[in-house]
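A.B. asks: Okay, handing you the structure first.
The values are calculated or read from the model by the stated rules, or taken from the named source; none is laboratory data. For clarity, every value in this text was computed on a predicted model and none was experimentally measured. Cβ placement follows ideal geometry from the backbone for every residue including glycine, while neighbour counts extend to all protein chains displayed. Quick note on the areas: whole protein, heavy atoms, side chains included, nothing else; ligands and nucleic acids left out. Shrake-Rupley method; radii C 1.70, N 1.55, O 1.52, S 1.80 Å.
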Amino acid sequence: RQVPSLAKLVPDDPNQPYDMKDVIREVVDHGDIFEIMPGMAQNIVTAFARMEGQTVGVIGNNPLTLAGCLDINASTKAARFVRFCDAFNIPLL
């Protein structure tokens, strides 16, 4: 899927933070996401969305919080989400 607006959302400078949720909203259908555990480990985003009508799980580091580095809480959150999606055969993005 071609999304020309991503060039404006993701900065050229790797040290400049950006919100991964904005990037995800540009890529998925209608910009709708259902974030899972948004208050826990905000340096990683786990969410459900639709792409071409199909449900997908979305996971990504969020450079806006803690520069997106993975700590133990983010790793646990991501692992649980991946296992959940795997249990229900939900593809990941």
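A.B. asks: Which whole-number value in Å² is the accessible area per residue of the chain, probe 1.4 Å?
C.D. replies: Working: 5970 Å² over 93 residues.
Accessible surface, normalised per residue, equals 64 Å².
A.B. asks: Now for a different question. Taking only Cα atoms and a 10 Å spring cutoff, compute GNM fluctuations for the chain and point out the largest among Ile36, Ile44, Ile24.
C.D. replies: Looking only at Ile36, Ile44, Ile24, the biggest GNM fluctuation is shown by Ile36.
A.B. asks: Take Cys69 and Glu52, extend 7 Å from each Cα along the Cα→Cβ direction, and tell me the distance between the two endpoints in nm.
C.D. replies: The two pseudo-label positions are separated by 3.9 nm.
A.B. asks: Expressed in nm to one decimal, what extension gain is obtained for the pair Phe34 and Leu93 from 0.36 nm per residue of sequence separation less their Cα-Cα distance?
C.D. replies: 19.8 nm
A.B. asks: Quick one, which of (i) 21, 19, 9; (ii) 29, 24, 12; (iii) 29, 18, 10 is the actual semi-axes √(5λ) of the Cα gyration tensor in Å calculated for this model?
C.D. replies: Working out semi-axes √(5λ) of the Cα gyration tensor in Å from the coordinates points to (i).
A.B. asks: Among Met20, Ala7, Thr76, whose Cα lies farthest out toward the positive end of the dipole of the chain, if unit charges sit on the beta carbon of Lys, Arg (+1) and Asp, Glu (-1)?
C.D. replies: Toward the positive end, the furthest listed residue is Thr76.
A.B. asks: Could you look at the chain and say what percent of its accessible area is carbon and sulfur, using a 1.4 Å probe and all protein chains?
C.D. replies: Values: 3270 of 5970 Å².
Heavy-atom surface of the chain belonging to carbon and sulfur, 1.4 Å probe: 55 percent.
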